[in-house]
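Since every read-out is calculated from the coordinates, none of them should be taken as a lab result. Quick caveat: nothing in here was measured; it's all calculated off a predicted structure. In this analysis, Cβ positions are derived from the backbone assuming ideal geometry, glycine residues included, and neighbour counts consider all displayed protein chains.
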């Protein structure tokens, strides 16, 4: 989980997105939240793209790339399973006060996973649960740790609960993290990089290239720090 810094106020495309619903429900404003998915909103794609861009192209929970890299990085998945980005509510809509679910600061972009229940992780696994650690909390990243094999650990009880709720230890996610980490801890010939090379790779995990972060950048950074024995 990587910290997402939300903009102040409501961005223009967010206001357009919400104004569309307000116009549709002007005769009964109380139905605004309830009809969130009832209309084809022409501004929804722009809103989702804004959320993805402010997250560096990564899922708010898992670190998977959910921009145009998504199809390319998931070859070999079962035919019954699918992955796509969607607008996720940090506080579930079912638990929101009236109109609270339409607050931009309660929305992030996340990976939606199809398939059977045992294949689910991230937003779909979370469902209507309240997360004790949120990606909009500045210290969220420091509450988790990842080793070079892609295994994830919580540094406190709430972080462990978040892992369980989101199934961040799901074998699929663990395997993806392992592969991403190995790309930085080993060279193309499979040679393990030296500590000096690992140290040189560490700053790259925070680099934005064309508004995109490296997939699983925070997991890779955590694994490198653990391998080097640094906090």
Candidates 92, 11, 135: whichever shows maximal mean-square fluctuation once the chain is modelled as a Gaussian network with Cα springs under 10 Å: 11
Angle in degrees between helix 44-54 and the longest Cα principal axis of the chain, rounded to the nearest 10: 30
Principal-axis tilt of helix 12-24 within the chain, Cα atoms, nearest 10 degrees: 40
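Work out how much length residue 93 to residue 208 would gain on full extension: take 0.36 nm times their residue separation and subtract the Cα-Cα distance, in nm to one decimal.
Details: separation 115, 0.36 × 115 = 41.40 nm, distance 3.17 nm.
Computed gain between residue 93 and residue 208 is 38.2 nm.
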Gain upon complete extension [residue 82, residue 228; 0.36 nm per residue less C-alpha separation]: 48.9 nm
Likely footprinting exposure, 218, 20, fewest C-beta neighbours within 10 Å first: 20, 218
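Hey, what number do you get for the chain at 222 nm if only DSSP H runs of n ≥ 4 count, each worth -39500 (n - 2.57), divided across all residues, to the nearest 500?
Working: 8 runs with 76 residues, N = 231.
Only helices count here, giving -9500 deg cm²/dmol.
Can you compute the FRET efficiency between residue 46 and residue 192 using 1/(1 + (r/R0)^6), with r the Cβ-Cβ distance and R0 = 35 Å? Round to the nearest 0.05. Provide the component values of the computation, followed by the final result.
Details: r = 44 Å, r/R0 = 1.27.
About 0.20, to the nearest 0.05.
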Rounded tilt (10° steps) of 171-185 against the dominant C-alpha axis of the chain: 50
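Suppose the chain between residue 142 and residue 201 were pulled fully straight at 0.36 nm per residue; how much longer would it get relative to their current alpha carbon spacing?
Numbers: separation 59, 0.36 × 59 = 21.24 nm, distance 1.89 nm.
Residue separation times 0.36 nm, minus the Cα-Cα distance, leaves 19.4 nm.
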Most mobile of 189, 97, 147 in a GNM of the chain (Cα contacts under 10 Å): 189
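Using 1/(1 + (r/R0)^6) with R0 = 22 angstrom and r between the beta carbons of residue 129 and residue 151, what's the FRET efficiency to the nearest 0.05? It would help to have the intermediate numbers written out before the result.
Details: r = 22 Å, r/R0 = 1.01.
According to the calculation, E is roughly 0.50.
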Selected from 44, 192, 214 as most flexible by GNM, with the chain as the system and alpha-carbon contacts under 10 Å: 192
